[in-house]
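For reference, the structure discussed in these notes is given below.
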Amino acid sequence: MADPTSRPYRLGDAAALTALYNAVERHGGGHPGNTEDETAAIINSIVADPETDSRLVFSPDGELVAAGVVATPPPGGFRIDAHGGVAPQWRGRGLGREVLGWQLDRSREIHRAAGSPDGWVFETNTLLADDAAVRLFERFGAAPSRYYFEMVAPAKDGPRPAPDGLRVQTYEPRFERALFEAHTEAFSDHWGHQQRTFDQWTGFTVRSESFRADLSRLAFDGDELAAYVLSYDDADPDRVYIGHVGTRRAWRRRRAAFGRPDRDGGARQGLRVPVGRRRQPDRRGRRVRGRRLHDRDQVGGVPAEPLSHTMCSGRMGTRESGFPVAARTAATIAGVDEIVGGSPTPRRP
């Protein structure tokens, strides 16, 4: 039997790569909600050069069976994001170790080319129910350190009242620069945040085809943008996922990032929210479906950032249980042989 072959990501591969991501999600008990546009937008926006920073593995009959993508940190950044995975039916043949090894090697090359700065980390995600991926991470020394709740809720008809003094409206393209600046401020103290350029950020958010301007809301205090909720299409047409929620510091604890964008009855919405080690009650009728777990090592003597009040971006889960459903890992890159790696699906960074 012929061996699998590999090559870099090319235009036209987004559909097959998205199908692979969703197969990995489904296998681990997650929601297969990735869209082709989301996959393409992330690669086009944050992968410096797909020719050198991606590897797709194909079976002898041309089926995409494994993939690895490496995203270089933005200027002044510190985190290499690794995306990818192995098709469930092709596991147990060493493809995961091969792709992960390539991702780590390429990450070290990127790190050296940047002058070997201190404090860089390598991060990825996997569903905890995906035992093979968890074992792979554990083999490389992964340890839990971060949780995310993933929640879904039915859409509500009718608008919610705005907090006193604030005006809420649907997103319009003329606000994209103000939105970027508000996002930059709101997420500046978020755990693990690194600043993207304007073109990178708008490329996988408000300028992506899956962005739902009609279901996104901006809250203004006079002429100042105080808070925002950004929504995106899901692979399931009866779902929408809330990808970004942020409130600038001066307007926090005032219900500025409030409510859910309206949608016709029967639809559901998802949201990912960072929490500490203990489960917290949900106060807005959202149903907790599962948790995401984030691993991170201390780097260069600098402690990890504390939890902030800004909500994190991410795709919703569909686990009925409240048990952890995903893990994220990180470790130093330079001079470390036992670096944690792996990769199921991407998130909007």
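Restricted to segment 182-215, and to residues there that are under 20 Å from the mean Cα position of the chain (by Cα) and among the charged types (D, E, K, R), the residue that is nearest to A40 (Cα to Cα) is E209. Quick one: V65 ticks every box in (1) among the hydrophobic types (A, V, I, L, M, F, W, C); (2) buried (at least 19 other Cβ atoms within 10 Å of the Cβ); (3) more than 20 Å from the chain's Cα centre (by Cα); (4) part of a helix (DSSP H, G or I) bar one, so which box is it? Of everything listed in (1) among the hydrophobic types (A, V, I, L, M, F, W, C); (2) buried (at least 19 other Cβ atoms within 10 Å of the Cβ); (3) more than 20 Å from the chain's Cα centre (by Cα); (4) part of a helix (DSSP H, G or I), V65 misses just condition (4). Number of residues in segment 1-50 that are polar (S, T, N, Q) and closer than 18 Å to A66 by Cβ equals 6.
Reported count of residues in segment 180-206, each being under 13 Å from T247 (Cβ atoms) and of a type in the set (A, V, I, L, M), is 2.
Picking from residues in segment 208-239 that are touching a residue at least 60 places away in the same chain (Cβ under 8 Å) and of a type outside the set (A, V, I, L, M, F, W, C), the one that is surrounded by the most Cβ atoms within 10 Å (Cβ to Cβ) is Y232. Note on segment 113-126: residues that are within 18 Å of S54 (Cα to Cα) and either over 20 Å from the mean Cα position of the chain (by Cα) or of a type in the set (D, E) (or both) total 2. With the structure loaded, tell me whether A23 is within 17 Å of G243 (Cα to Cα) and among the small types (G, A, S) or whether it fails that test. Answer is no for this residue.
For the subset of segment 103-131 comprising residues that are in contact with a Gly (Cβ under 7 Å, 6 or more places away or on another chain) and surrounded by fewer than 20 Cβ atoms within 10 Å (Cβ to Cβ), which member is farthest from Q89 (Cα to Cα)? Only one residue fits best here, namely D118.
Being in a helix (DSSP H, G or I), out of contact with any Phe, Trp or Tyr (no Cβ under 6 Å at 6 or more places or on another chain) and not basic (K, R) is a property that holds for G96. Among the residues of segment 68-102, those that are in contact with a Lys or Arg (Cβ under 7 Å, 6 or more places away or on another chain) and surrounded by 24 or more Cβ atoms within 10 Å (Cβ to Cβ) comprise G68, V70, V99. Within segment 83-123, the residues that satisfy the criterion of being touching a helix residue (DSSP H, G or I) at 6+ places or on another chain (Cβ under 9 Å) and over 14 Å from A66 (Cβ atoms) are R106, E109, I110, P117, W120, F122.
Read-outs: derived from the displayed coordinates by stated rules, not from any lab. None of these values were measured; they are calculated from a predicted model. A quick note on method: Cβ atoms are made from the backbone with ideal geometry, for glycine too, and the neighbour counts reach across all protein chains shown.
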